[in-house]
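The values are calculated or read from the model by the stated rules, or taken from the named source; none is laboratory data. Please read these numbers as outputs of a predicted model, since none were measured by experiment. Positions of Cβ are backbone-derived with ideal geometry, glycine not excepted, and every protein chain shown enters the neighbour counts. Surface areas here come from the heavy atoms of the whole protein model, side chains and all, with no ligands, DNA or RNA. Shrake-Rupley method; radii C 1.70, N 1.55, O 1.52, S 1.80 Å.
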Amino acid sequence: MFSFFKKRDNTQSNYVQNIAEDYTDVMPIAEYFKSETGVTFDKQISILQNKVTTFCKQRNINSFGQLLKFIKHDIELKQALIDALTTNETFFYREFKQIQELVRLVRDAGKHITILCAPSATGEEPYGIAIALLEAGVPSKNFHITGIDINYDATNKAKNAMYKARNVRNLTPEIISRYFTQNDSLYTLKDSVKAQVTFKVINLFDASFATIGKFDFIFSRNMLIYFDKETKLKAKEILEGLRKNPNQEIFFGHADLF
Ligand SMILES: C[S@@+](CC[C@H](N)C(=O)[O-])C[C@H]1O[C@@H](n2cnc3c(N)ncnc32)[C@H](O)[C@@H]1O
């Protein structure tokens, strides 16, 4: 493991002295990243260039070529790059109509229900679904939600379940007081809701994802927007394979057009 791939600490010397800095051609990184995660930067190459340059400089990696070589062997460095390049923007009760539709379906089912949230980012979506179900009177023993995401940092935040005001902006004061404890500007979700969700760091395109189980309902919102058309279709097919009922539509986001 390359222990020097930590963010730059001013007390440390530079480790890689003999290679000239070269942060020009980011395309090989873009291609590798897309092949590994599905995420494409086709229309945002200059944004990618800036992000990867900052990433390299923070870790004394002198060129994109070096970075590419290192991430192929260093799992931690690769995960750090994934965490830096994926966008985890989310909030409670986003596209709430779909959550209301799910609540109706779960109520009608009248049995134990499993729900997959892929991707779950920092947790607001699966926790929001749990809150909506509890609010509708669905007993906690009647459902469980699995949240998955490729981003390790985001998943840790999801497990901690501490949110800022902007994340809970769509929730009413009554819901906030029922399901959160508030300290200063931090809203901490109660354990009773946290217990309804299990999180896992996993890449949708990893072979192991297909063995995660089968689910009554699947949410996959605002991830496909980062994929090209071919990759979207591939992701859709993978998710469809995880349905218990092949006739049940997957809840995609409104921006996730095919
Ligand atoms: C914008 S968030 C969407 C969160 C939530 N579903 C929502 O709609 O608010 C997109 C998430 O997709 C995740 N993601 C991107 N590619 C992925 C992949 N190949 N496998 C799993 N998660 C992925 C990112 O890490 C990010 O957290």
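Some observations on this one:
- Environment charge of Cys117, counting only residues whose C-beta is closer than 12 Å and scoring Lys/Arg +1, Asp/Glu -1: 0
- CD proxy at 222 nm, helix term only [per DSSP H run n ≥ 4: -39500 (n - 2.57); per residue of the chain; nearest 500]: -11500 deg cm²/dmol
- Dipole magnitude for region 96-252: computed about the Cα centre from +1 point charges on Lys and Arg Cβ and -1 point charges on Asp and Glu Cβ, it is near 200 debye.
- Estimated inter-spin distance, Ala165 and Met27, nm [label 7 Å along Cα→Cβ]: 4.8 nm
- The distance separating the Cα centre of region 23-96 from that of region 149-204 comes to 26 Å.
- GNM on the chain, alpha-carbon springs under 10 angstrom: the most fluctuating residue among Leu102, Leu68, Leu133 is Leu68.
- Per residue, the convex hull around the alpha carbon atoms of region 33-145 comes to 142 Å³.
- Scalar couplings 3J(HN,Hα) for region 177-184, obtained by applying the Karplus form with A = 6.51, B = -1.76, C = 1.60 to θ = phi - 60°, are 6, 6, 10, 10, 10, 10, 10, 6 Hz; x denotes Gly and Pro.
- Ligands, DNA and RNA left out, the 1.4 Å accessible surface of the chain is 50% carbon and sulfur atoms.
- Rel. contact order, % - alpha carbon contacts under 8 angstrom, at least six apart, the chain: 18 percent
- Put a dot 7 Å past the Cα of Ser208, heading toward its Cβ, do the same for Lys141, and the two dots end up 3.3 nm apart.
- All Cα-Cα distances of region 117-242, cut into 5 Å bins from zero to the largest, leave 2, 10, 20, 22, 19, 13, 9, 4, 1, 0 percent in each bin in turn.
- Simple label model, 7 Å out from Cα along Cβ direction - Ile225 to Gln182, nm: 2.8 nm
- Average projection, convex hull of the Cα set of the chain: 15.6 square nanometres.
- Acute angle (nearest 10 degrees) that the helix 229-240 long axis makes with the longest principal axis of the chain, alpha-carbon atoms: 40 degrees
- Antiparallel bridge percentage (DSSP; both residues within the chain; nearest 5): 30 percent
- Solvent-accessible area per residue, Å², over the chain with all protein chains present [probe radius 1.4 Å]: 52 Å²
- FRET efficiency, 1/(1 + (r/R0)^6) with R0 41 Å, evaluated for Arg104 and Asp74 via beta carbons: 0.30
- Sorted largest first by accessible area at a 1.4 angstrom probe radius, with every protein chain in place, the residues Tyr23, Tyr226, Tyr152 fall in the order Tyr152, Tyr226, Tyr23.
- In terms of packing, defined here as the mean over residues of other Cβ atoms within 10 angstrom, the peptides 87-96, 185-194, 206-215 line up highest first as 87-96, 185-194, 206-215.
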